Amino acid sequence: MSGHSVIIDKILRLKKEKRAIIIAHNYQREEVQDIADFTGDSLELSQKAASADCDVIVFCGVDFMAESASVLSPNKTVLLPSKDAFCPMAGMITVKGQRNTRTAFPGYHYTDGYKYPSDYTLKDIKKAYPGVPVVTYVNTTADVKAESDICCTSANAVKVVESLDSGKVICIPDRNLSAWIARNTKKEVIAWDGFCHTHDRARKEDVYKARAEHPDALFLAHPECRMEVLELADHVTSTSGMLRYAASSAAKEFIIGTEIGLLHRLRKENPDKAFHILRKDMICPNMKKTTLESVLRSLQTMTNVVKVPDKVRLPAKKALDKMLAIY
Ligand code: 13P
Ligand code: SF4
């Protein structure tokens, strides 16, 4: 047996023994996606975490996703195989303003006059706009969700904003998703200045170049990309939205403007179609931290348990449940 198949065998045995399910985000490593019971976008993974019939959820993703699973399923043990897997964008907003040092990751240079958003807090913005509902992207920590009116994902953000009985909304933390929401609603959007470094680095020149290289391809973009990129897209949607679009489209070739891990499922589920990444460096290092070895280790030792205390969990659940009820 090869190294991988020995590990996979052990994972499958332990999974059965512990009544565990493995769920993985669409950006995970190929071999991790392949052993998962369920692979999906952030919305689908939240829905799965809420409904799964199991004792243990092994969450192959980043910390805010495992936290949401714990919020929605307090009686299940939630394991995050790599405890260092975090979302830098989620660290860009805090409730009280303590600077999250993990956000300062190497290899990325803040550009375009970007102001570090942790200098200003969620409490400050709520004070500046009293009574204005806070719509919080799921890419946030549980305590930020607990201070919010409703959550959203890239799959339902516009629908969530439209569902609110207010002409003005605060959208946190992604400036690009917020700009996309503002483009698709008549409501006034007050946006935070956070961003995803994996998506934010794409520019319109990348789209021109990719279109010149693949003139017959459709371009699909994730709303975490900049507006200059979204404006050039044939379709803007979440990761699973891209999977659905590519499967049902008559087109045979696509340029993909999101994290490179999605190409695995796109190619596997559409073997007759061609997929090209918009930029080769659209890689989220945190999504790649989970390996087969770390999945096995967490199941063997039952470590890296993510548990959100009730004081935060209950208000955070309210914001997540409100989202899940409308979509
Ligand atoms: P979706 O899979 O919900 O589109 O999310 C993208 C993402 O960046 C998750 O961190
Ligand atoms: Fe966060 Fe972007 Fe990585 Fe998603 S792809 S986890 S938003 S840094």
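The values are calculated or read from the model by the stated rules, or taken from the named source; none is laboratory data. Not measured: the values here are computed from a predicted model. Glycine gets a Cβ as well: all are built from the backbone with ideal geometry, and neighbour counts include every protein chain shown.
Here are some notes:
- Test: residue in the range 11-28 that is within 16 Å of ligand 1 (Cβ to nearest atom), touching a Phe, Trp or Tyr at 6+ places or on another chain (Cβ under 8 Å), outside any loop (DSSP other than H, G, I, E, B) and at pLDDT 95 or above: yes
- Filter pass, residue 93 being modelled with pLDDT under 90, out of contact with any Cys (no Cβ under 9 Å at 6 or more places or on another chain), on the phi < 0 side of the Ramachandran plot and β-branched (Val, Ile, Thr): yes
- Applying the criterion of being acidic (Asp, Glu) and assigned to a helix (DSSP H, G or I) to the residues of the range 29-46, the residue that is nearest to residue 159 (Cα to Cα) is 44.
- Any pair with Cβ under 8 angstrom, 6 or more apart, that starts in the range 260-283 at a residue that is free of Cβ contacts under 8 Å to residues at least 24 places away in the same chain and ends at one that is part of a helix (DSSP H, G or I) and of a type in the set (A, V, I, L, M, F, W, C): 277/263
- Criterion (away from ligand 2 (no atom under 16 Å from the Cβ) and out of contact with any strand residue (DSSP E or B) (no Cβ under 7 Å at 6 or more places or on another chain)) met by exactly one of 270, 286, 304: 270
- Among the residues of the range 159-186, those identified as within 16 Å of the chain's Cα centre (by Cα) and of a type in the set (A, V, I, L, M) are 172, 177.
- Hits in the range 50-81 (condition: away from ligand 1 (no atom under 13 Å from the Cβ), touching a strand residue (DSSP E or B) at 6+ places or on another chain (Cβ under 6 Å) and assigned to a helix (DSSP H, G or I)): 69, 70
- Applying the condition of being in contact (Cβ under 8 Å) with a residue 40 or more places away in the chain and surrounded by fewer than 19 Cβ atoms within 10 Å (Cβ to Cβ) to the range 180-192 and asking which residue is nearest to ligand 1 (Cβ to nearest atom) yields 183.
- Candidates 135, 144, 158: the one that is closer than 18 Å to residue 327 by Cβ, outside any strand (DSSP E or B) and within 16 Å of ligand 1 (Cβ to nearest atom) is 158.
- Boolean, residue 201 is more than 27 Å from residue 131 (Cβ to Cβ), surrounded by 15 or more Cβ atoms within 10 Å (Cβ to Cβ) and basic (Lys, Arg): yes
- In this structure, residue 250 qualifies as surrounded by fewer than 21 Cβ atoms within 10 Å (Cβ to Cβ) and either of a type outside the set (A, V, I, L, M, F, W, C) or farther than 25 Å from residue 70 by Cα (or both).
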